[in-house]
Amino acid sequence: MGKQEEMDFKKTKSGSKSDSQPLSEFVEKAYLDYSMYVILDRALPFIGDGLKPVQRRIVFAMSELGLSAQSKPKKSARTVGDVLGKYHPHGDTACYEAMVNMAQDFSYRYPLIIGQGNWGSYDDPKSFAAMRYTEAKLSAYTKLMLSELGQGTTDWKPNFDGTLKEPEFLPSRLPNLILNGVTGIAVGMSTDIPPHNIKEISYLLDKLIKNPDISLGQLTRITKNFQGPDFPSGGEMISTPEELKQIYTTGNGTVKIRAKYKKEKNLIVISQLPYQVSGNKIIEQIASQMKDKKLPLITDINDESDHETPIRIVLTPKSNRVNTDELMGHLFATTDLEKNVRVNMNLIGLDGRPRVFDLKALLSEWIEFRKQTVTRRLQFRLDEVEARLHILEGLMVAYLNLDEVIRIIREEDDPKSKLIKKFKLSEIQAEAILNLRLRNLAKLEEEKILTEKNDLEKEQSELTKILKSKKKINELIQNEIKQDTKDFGDDRRTTLNESGIASQALDQTQLASSDPVTIVLSKAGWVRAAKGALEDPQSLNYKTGDDYLSSVPGRSNQFAVFIDSTGRVYSIVADTLPSARSNGEPLSSRLNPPDGSYFAGVMSGDPGQHWLLSSSAGYGFFVKLEDLYTKNRKGKTCLSVKGAEVLIPSNATSCGYPDETYVAAANSAGKLLIFKSNELMEMSKGKGLKIIGINSKKFKEGKEKMVSAIVIGAKDSIRVYSGKKPKIIRPDEFENYISDRGKRGRSVPPFKKIDSLQVEPK
């Protein structure tokens, strides 16, 4: 930009000149100013009262309106109007939302506001009514923040237009910051402090006041007296003590919290949810799994929540045989029934700067704040006492010299100056004497003054002693904390359960019922699952131009494994396959096979079953079915074919593999070879070993190939197909074809070619 980079403010409206400023400097300063404004005046809380400016102004404005816990509530719109008009010139919507948040007992551990009307629900916190309809007043808890406000405990600053004064902070008697927690997002930083229990934090404060040098490790030790965050919604915290200790040591981390549930007969009842998790959302998440047939273990879900029981979600298991812990572990892993709550103890310290605090630093800083506040309160009261004693001393002079005082007042032109000179009084004392009413000159009033003077002198002595002793100030703070804890403390809502069940998503094989099925694959790659055993899957209806390819028996809770023409394998839970009443559905809608490929076979059964995979090049190997499982829609590489065709897999385990089993292989030249299955190795992927000899030249020319390879038992017979009419080769004929693996085999008369092999059904 050259010279255009500089902003020229040389000419003002009056024509005078001012300094020029580079654009980069102007932008940098403007951004930094804005950032600091957001950090200090909007987003981050002050350690003293734990409030952000808008929250502080709402509480203060409500106290100025006389909306104490004992008063009648007033329209929320009136409060918002006062806050905006007097202290916080921002949007009414944001202000009202902050007000609502402080009134929701499911958002705040110790709500600051008591609301009447619709203030939102657990399921929808933002469903609150407009401020013109709702009413509000301060809760009793705010007494901890406001009771010392007029006692010299805080500095006051002008409001935005300079017409009023507002407190810079509220003199909180307990660390509201960590009791109610806070969240906020600023420019380049954020804060997330979870809520805690009053009794537990008071316990830590007592320990820290008694022993300021206590180690961070000792302070953050998780015991029955301190168990970490305590959320208003309850729930169960499953973070380990070590994890919690690490969070409190660094000021960063995540707390794991999950729902609470119990069994009622055959039902599972969820009674508490993680912090800020909607029951409606949970129901939607579970219902979505049920709709997608990913959660067949549950037959029904009902929301029985009401006003008295905010959370009651009832799950109906499929049967009483369903393992409740496993089911809930799955739901913990797949829904918001378990949630990580972020912790980032970033806040504004006493020095006015934001930083991340560990637990000891946070509580120590607040104790220092409390010491300063108490000291200011005591000094303020001491000043009041001394000022009153000063006046009382003057009044006693008047009573001791009553006649002379009366004479001076009646006769002198300037009685004030005469009194000061005559009795060596101050102006304040003289003014107090002149303001005395005649009826206050009675003897009884004199006695009252003497009594008041004696009481104030005792109080003065006591206040002086406390102010001069750090120990006494500490004791005073401790006693006040104990009293406030007694008044407002309650039991924990969130329980600590580090030994809870693991959140582990169940695979579809664990979720589905175990029913016998027959999986049928067509040549066009359409699949379906028929209930029970199909005697003749070829008799099913197929789409025009399509026909039967392969089928395999299995169970509904087992994986169906498919292999395509490139040698890649894919797995789908059989329970999720369409019924055989229809034509099924194309596998390409579930999976992403390579372009131009087609599906060549299907396998299913127990994970430990062995199958024979082979290619038309005459190679193959045994593989465990579980080694073929994959969650990837694109499958995974298994059989290396390199220009060859994938043959239909053969179930080896069903024939008794590895004991007394054989591999029978045939090529298109009409040769049959039988060899012991232990001659062929077991692999998880690859090309495999040579099964039957193939003329390499003829294979390349497409004139010869292996057409079938199956596993047979020692007592099984083989069906050899050449066309539609098969020839049966019985076990006593095997010796004619038995040879070493990789040999050419022998012809099967009268066939000149062989199309396929099958195990003869028994």
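No value in this document is a laboratory result; all are computed from the given coordinates. Note that the coordinates shown come from a computational prediction; the quantities given were computed from them, not determined experimentally. Positions of Cβ are backbone-derived with ideal geometry, glycine not excepted, and every protein chain shown enters the neighbour counts.
For Val182, nonlocal amide neighbours, meaning residues 5 or more places apart or on other chains whose placed amide H falls under 5 Å from its own, are Ile193. Residues in the range 454-461 carry Karplus couplings, in order, of 5, 5, 5, 5, 5, 4, 4, 4 Hz; the curve used is 6.51 cos²θ - 1.76 cosθ + 1.60 with θ = phi - 60°, and Gly or Pro positions show x.
Extending 7 Å from Cα along the Cβ direction at Ser756 and again at Asn118 yields two label points whose distance is 6.6 nm. Placing a label point 7 Å from the Cα of Leu436 along the Cα-to-Cβ direction, the residues of the range 453-494 whose backbone N falls under 20 Å from that point are 453-457.
What relative contact order, as a whole-number percentage, does the range 362-488 give when Cα pairs under 8 Å and 6 or more residues apart are counted?
Values: 65 pairs, mean separation 46.0, N = 127.
It comes to 36 percent, rounded to a whole number.
Mean residue ellipticity, 222 nm, helices only, the chain: the sum of -39500 (n - 2.57) across DSSP H runs of n ≥ 4, divided by residue count and rounded to 500, is -9500 deg cm²/dmol. What does the charge count around Phe675 come to, taking other residues whose C-beta lies under 14 Å from its C-beta (Lys +1, Arg +1, Asp -1, Glu -1)? Net of charged neighbours comes to +3. Can you work out the FRET efficiency for the pair Lys458 and Gln218, with r the C-beta to C-beta distance and R0 = 35 Å, to the nearest 0.05? For Lys458 and Gln218, the calculated efficiency is 0.30. A cut-off of 5 Å between modelled amide H atoms, ignoring neighbours fewer than 5 places along the same chain, links Val573 with Ala560.
Counting neighbouring Cβ atoms within 10 Å and putting the fewest first, the residues Asp336, Asp230, Asp403 line up as Asp403, Asp336, Asp230. Seen from Asn592, the other residues with C-beta closer than 13 Å to its C-beta sum to a net charge of +4, counting Lys and Arg as +1 and Asp and Glu as -1.
I need the shape label for the range 158-223. Rule: rounded when a/c is under 1.5, else prolate if a/b > b/c, else oblate, with a, b, c from the alpha carbon gyration tensor. Judged from the Cα gyration tensor, the range 158-223 comes out prolate (a/c at least 1.5, a/b above b/c).
For Lys245, Lys421, the sequence from fewest to most other C-beta atoms within 10 Å is Lys421, Lys245. Let me know the shape class of the range 649-762, please: from the alpha-carbon gyration tensor, a ≥ b ≥ c as square roots of the eigenvalues, rounded when a/c is under 1.5, otherwise prolate if a/b is greater than b/c, or oblate. Here the range 649-762 falls in the oblate category. As an exercise, take the mean of 1/r over every pair of distinct alpha carbons in the range 362-488, invert it, and state the Kirkwood radius in angstroms. Mean inverse Cα-Cα distance, inverted, gives 17.3 Å.
Remark: Leu65, Leu425, Leu613 ranked as Leu65, Leu425, Leu613, counting other beta-carbon atoms within 10 Å and listing the fewest first.
Sequentially through the range 528-545, phi angles give Karplus couplings (6.51, -1.76, 1.60; θ = phi - 60°) of 7, 10, 8, 6, x, 9, 8, 6, 9, x, 5, 7, 5, 6, 10, 4, 4, x Hz, Gly and Pro residues having no value and appearing as x.
Distance between the 7 Å Cα→Cβ label points at Asn695 and Ser147: 10.5 nm.
Rounded to the nearest Hz, the phi-derived 3J(HN,Hα) couplings of the range 727-732 under the Karplus curve 6.51 cos²θ - 1.76 cosθ + 1.60 (θ = phi - 60°) are 10, 9, 10, 8, x, 6, where x marks glycine and proline. Annotation for Ile185 and Ala361: the two label points, set 7 Å from Cα along the Cα-Cβ direction, are 2.5 nm apart.
Please figure out what share of the DSSP beta bridges in the chain is antiparallel and state it in percent, rounded to the nearest 5. Don't skip to the end; give the middle numbers.
Working: 100 of 107 bridges.
Bridges in the chain are about 95 percent antiparallel.
Distances between placed amide hydrogens fall under 5 Å for Tyr261 paired with Ser271, all partners being 5 or more residues away or on another chain. Measuring spread by the Cα atoms of the chain yields a radius of gyration and Dmax of 42.7, 155 Å.
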